[in-house]
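The values are calculated or read from the model by the stated rules, or taken from the named source; none is laboratory data. Because the structure is a prediction, the values reported are computed rather than measured. Glycine gets a Cβ as well: all are built from the backbone with ideal geometry, and neighbour counts include every protein chain shown. Please note that ligands, DNA and RNA were not included when accessible areas were found on the heavy atoms of the full protein model with its side chains. Shrake-Rupley method; radii C 1.70, N 1.55, O 1.52, S 1.80 Å.
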Amino acid sequence: MHILLGSFAFLCIFPFIYVIIISLSSEQSLSLQGYRLIPEEWSLEAYKYLWQVRSQIFRAYGVTLFVTIVGTILSVSVIALYAYAISRKQFLYRKQFTFIAFFTMLFSGGMVPFYIVMTQFLGLKNSIWALILPMTVNAFYIIIMRTFFQRSVPEAILESARIDGAGEFRIFLRIVIPLAIPGIATIALFNTLAYWNDWFNALLFIDDPNLVPLQSLLMRIENNLDFIRQNAMLSTQNGSILGSIPQDSARMAMVVIATLPIALSYPFFQKYFVKGLTIGSVKE
Amino acid sequence: MQRLKKFGKNVYDNRIWLLMIMPGFIWLLVMKYLPMFGQVMAFKDFRFHPDGFFASVYHSEWIGFDNFRFLFSTNDAYVITRNTVLYNLVFIILGLILAVGVAIILSELTKQKLAKIYQTGMLFPHFLSWVVVSYFVFAFLSVDRGLFNSVLEMFNIEPVSWYNESAYWPYFLVAISQWKGVGFGSIVYLAAIVGIDRTYYEAAMIDGASKWQQIWRITIPMIMPLIIILTILNIGSIFSADFGLFYQVPRDSGPLYSVTNVIDTYVYRGLMSMGDIGMSTAAGLYQATVGFILILLTNYIVRKIDEENALF
């Protein structure tokens, strides 16, 4: 049993280790031997090269960080408010609004009309909001949060707060939020991950190189490093660094750079992630 | 008049709640419901109009079911439907078996510390984007440098141009999707198994039940409701494929389209490279409608068998 699971677990992280090795191989040994598990010659030239053309990479990092932070905060706020309202029995229209959210899980407008709404109606082509707004609300998270509020926020506490004269928004901020922290943390984690890893919205809506997020930058250098090179050309007048580009190792080094923050941090929040997933699985 | 007054009073009494749902409600209206009305473009010969979105839809000419007729007259409709449904079927069945299997094994492991480490490892792929995964795959499948061809070379076998050979891709895609999803899929099942009352197992052991019997007679039946719910959800989305898996991982390679093109990638390509908005919308509407019917149908069947487990 241990062998079975252990080897599968290893298989899950092995490709990442392999890619790290490739990124640390010298370009020469890559072109002679291909991607080896133990290269002839180790080298940091890929990372040195990426450091030389860092302006574009830093920009992409900045875009991804901004989108992830702003997106997650916005998303959690909107979802929590909606879910809290439909979790309360005093709200006369809670059934209708639950259905309005739930129905979007059953039927969707499809990619093309969505694209047209985003670009023609909202005018969000080449806007940073095109990376944030499409993922703000998720009906599934609303339903999860609603269940969470129903179970973890007892009506009695709210009632006593009301008797003490607190308004609903005050109650929400001071009592409901602190009680629902585990649920909120879960949604926040899901959102952070989704925003960090998103490339699809950039694929649809972003042409401006200044607004390209990390994952999308990774996509664009798929076949060549021209995309980075062009921007480096503008920022540095130094032609010599462009002469010998460690193509293969630099590409894999980019993968490592884009993945490392997640790879290093997820074991720490895995606990909350697992806990949160199991909240949603229980029906009311 | 009386009714309107009452409605007004209700709205006023609920103003605080209505205010709370407002941001989310507006978002749902614009991002989810407005595109649903946009589906009318499937029945129109869509032309951009300078006055914006509504003008474009309004001024485009009605052409009835021509977009659909055109879509289904080509071989494309068959290929994308077949690919989408078959892949998803395999993913659902294999994913269920593997996820439940992994969850059961994890729960049976006695060394909890090691089990935690395994779980951390298996969860890792879930945290990666499809772009990153596509690079991982490339490291193995690259024609001149990949690990697979290096291994083949060692055995003096001709290297394979993986990104041009469609025959292998169904297996690759299935393997990659499971590699990415199993750890994540097993979490919920594991939580359910851990939640089962231990006294059942103790009683069974006293009666002399073997490990296998315990699994088949206690564990599986106890997590059955969960299996059913998650499977309904999956069957409901059998018509929508994971865009990243089918677009990023095969690197948009033309020779592989026959086995990698799914409805989602078809709609995307129709929109972005061919600019055929009408037909792309038609394909999207076809997808949404059949998906919707499938969810209702599965839910109906489940409700007939066991009301408790139905989704709604």
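General remarks:
- Complete set of residues in the stretch A:85-125 that are closer than 17 Å to B:Asp264 by Cβ and touching a Pro at 6+ places or on another chain (Cβ under 6 Å): A:Gly109, A:Pro113, A:Phe114
- Helices (runs of 4 or more DSSP H) contained entirely in the stretch B:220-312, each with at least 2 residues that are of a type in the set (Gly, Ala, Ser), out of contact with any Pro (no Cβ under 7 Å at 6 or more places or on another chain) and within 11 Å of another protein chain (Cβ to nearest Cβ): B:277-305
- Total residues in the stretch B:266-312 satisfying the condition of being touching a residue at least 40 places away in the same chain (Cβ under 8 Å) and closer than 30 Å to B:Arg251 by Cβ: the figure is 14.
Matching residues to (1) out of contact with any helix residue (DSSP H, G or I) (no Cβ under 7 Å at 6 or more places or on another chain); (2) free of Cβ contacts under 8 Å to residues at least 60 places away in the same chain:
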site: B:Glu165; (1), (2): yes, no
site: B:Tyr168; (1), (2): no, yes
site: B:Ala191; (1), (2): no, yes
site: B:Asp197; (1), (2): yes, yes
site: B:Ile223; (1), (2): no, no
site: B:Gly236; (1), (2): no, no
site: B:Gly244; (1), (2): no, no
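- Qualifying residue in the stretch A:118-135 (condition: in a helix (DSSP H, G or I), without any contact (Cβ under 8 Å) to a residue 60 or more places away in the chain and within 21 Å of the chain's Cα centre (by Cα)): yes
- Lone unmet requirement of (1) more than 30 Å from A:Ser77 (Cα to Cα); (2) touching a helix residue (DSSP H, G or I) at 6+ places or on another chain (Cβ under 8 Å) for B:Met1: (2)
- Of all residues in the stretch B:50-70, those satisfying the criterion of being assigned to a helix (DSSP H, G or I) and modelled with pLDDT under 80 are B:Phe53, B:Phe54, B:Ala55, B:Ser56, B:Val57.
- Among (1) surrounded by fewer than 21 Cβ atoms within 10 Å (Cβ to Cβ); (2) of a type in the set (A, V, I, L, M, F, W, C); (3) farther than 17 Å from B:Ser56 by Cα, the one test that A:Ile144 misses: (1)
- Members of the stretch A:65-101 found to be of a type outside the set (A, V, I, L, M), in contact with a Phe, Trp or Tyr (Cβ under 9 Å, 6 or more places away or on another chain) and open to solvent by less than 40 Å² (accessible area, probe 1.4 Å), listed by number: A:Thr68, A:Gly71, A:Thr72, A:Ser75, A:Tyr82, A:Tyr84, A:Ser87, A:Arg88, A:Phe91, A:Tyr93, A:Phe97
- Long-range neighbours under 6 Å by Cβ, at least six apart or interchain, first residue facing chain A (nearest Cβ under 8 Å) within the stretch B:33-45, second among the hydroxyl-bearing types (Ser, Thr, Tyr) and part of a helix (DSSP H, G or I): B:Met41/B:Thr281
- Just so you know, in the stretch B:194-252 the residues that are of a type in the set (Phe, Trp, Tyr) and open to solvent by 40 Å² or more (accessible area, probe 1.4 Å) include one that is nearest to B:Ile105 (Cα to Cα), and it is B:Trp212.
- Scope the stretch B:19-32; condition surrounded by fewer than 16 Cβ atoms within 10 Å (Cβ to Cβ) and facing chain A (nearest Cβ under 8 Å); matching residues: B:Val30
- All positions within the stretch A:16-51 that are at the interface with another protein chain (Cβ under 9 Å from one of its Cβ atoms), touching a Leu at 6+ places or on another chain (Cβ under 9 Å) and open to solvent by less than 10 Å² (accessible area, probe 1.4 Å): A:Tyr18, A:Ile22, A:Gly34, A:Tyr35
- Residues (under 17 Å from B:Ala282 (Cβ atoms), more than 9 Å from chain A (Cβ to nearest Cβ) and not small (Gly, Ala, Ser)) located in the stretch B:46-67: B:Arg47, B:Glu61, B:Trp62, B:Ile63, B:Phe65, B:Asp66, B:Asn67
- Within the stretch A:120-141, at least one residue is open to solvent by 20 Å² or more (accessible area, probe 1.4 Å), closer than 30 Å to B:Asp13 by Cα, within 12 Å of another protein chain (Cβ to nearest Cβ) and in contact with a Ser or Thr (Cβ under 9 Å, 6 or more places away or on another chain).
- For the stretch A:149-176, taking the residues that are surrounded by fewer than 16 Cβ atoms within 10 Å (Cβ to Cβ) and not in a helix (DSSP H, G or I), the one that is farthest from the other protein chains (Cβ to nearest Cβ) is identified as A:Pro154.
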